[in-house]
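Have a look at the structure below before the remarks.
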Amino acid sequence: MIFTDLPAGETVFLDANTLIYHLTGEPVYGAACQQLLRRIDNLEVRGVTSTHILSEIVHRHMTIEATLAFGWPMAGIARRLRRHPGQVQQLTEFRQGIETVLQSQIQVLTIPASLIVAAAIISQQNGLLSNDALLVAVMQAKGLTRLASNDADFDRVPGLTRYAPV
C-alpha cells in the first residue's frame, strides 16, 4: 500500500523517514510525503507521531544538513559533529524543520516509561530494533494500526498496515 491508498478520515502514525523526506524534499519520496502532510494539515487524514520520533527527526535532519553544509561524508557524521561543536552551532535547518512539524496538525504522543518494556518484548518477537519496536508499542497502546513509513521491517508486525510513499 502507498500513501494515496490511505482512506480519508483514518489515523496514521508517522515514522521518522516520512517526516525527514518531507522536510528535506528528498528527490524520490519527498513529493509523496509532502502530499500526505498536506492531507493531514487539511484534516483529511489524522496524523500522529511520538516524542521519540521527533528526536530521531532532529538528529537525522541535523546530520543531513551538516553533510550538505560542510561537504562531509555521511559515514561517521555524528562523531565528526561531536568533535566540531562550532559547526553544530552554525546549523539552523534542523531546528526550523522540527518547528514546522510542531506547528502542523500532527498530534505528538508522549511515551510512558512502561512502553519501554513493551517495546523490548516487541523487539524480541518481531526482530525489530529498539526505536522501531517502541514505535509499534506506542501504536498498540493507542489502538493504531496504520503506519506511514518507508521501512519494510514493519511488515513483520502482525496487525499493522504499512503505507509507503510510492
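FYI, it's all coordinate maths here, none of it is from the lab. Note that the structure is a prediction, hence the values are computed from the model and not measured. Glycine gets a Cβ as well: all are built from the backbone with ideal geometry, and neighbour counts include every protein chain shown.
In the Gaussian network model of the chain, springs joining C-alpha atoms below 10 Å, which of THR63, THR100, THR11 carries the largest mean-square fluctuation? The residue that fluctuates most here is THR100. Taking the centroid of alpha carbons for each part, region 89-149 and region 1-42 are 15 Å apart.
What share of Cα pairs, in percent, lie more than 24 angstrom apart in the chain? Roughly 37 percent, rounded to a whole number. Each Lys and Arg adds +1 at its Cβ and each Asp and Glu adds -1 at its Cβ; summed about the Cα centre, region 3-163 shows a dipole of about 400 debye.
Between the amide H of VAL157 and any residue lying 5 or more places away or on another chain, no distance stays under 5 Å, with hydrogens modeled in the peptide plane. By the count of neighbouring beta-carbon atoms within 10 Å, fewest first, SER149, SER123, SER55 end up ordered SER55, SER123, SER149.
Extension gain for ASP5 to ALA152 (0.36 nm times residue separation, less C-alpha to C-alpha distance): 51.2 nm.
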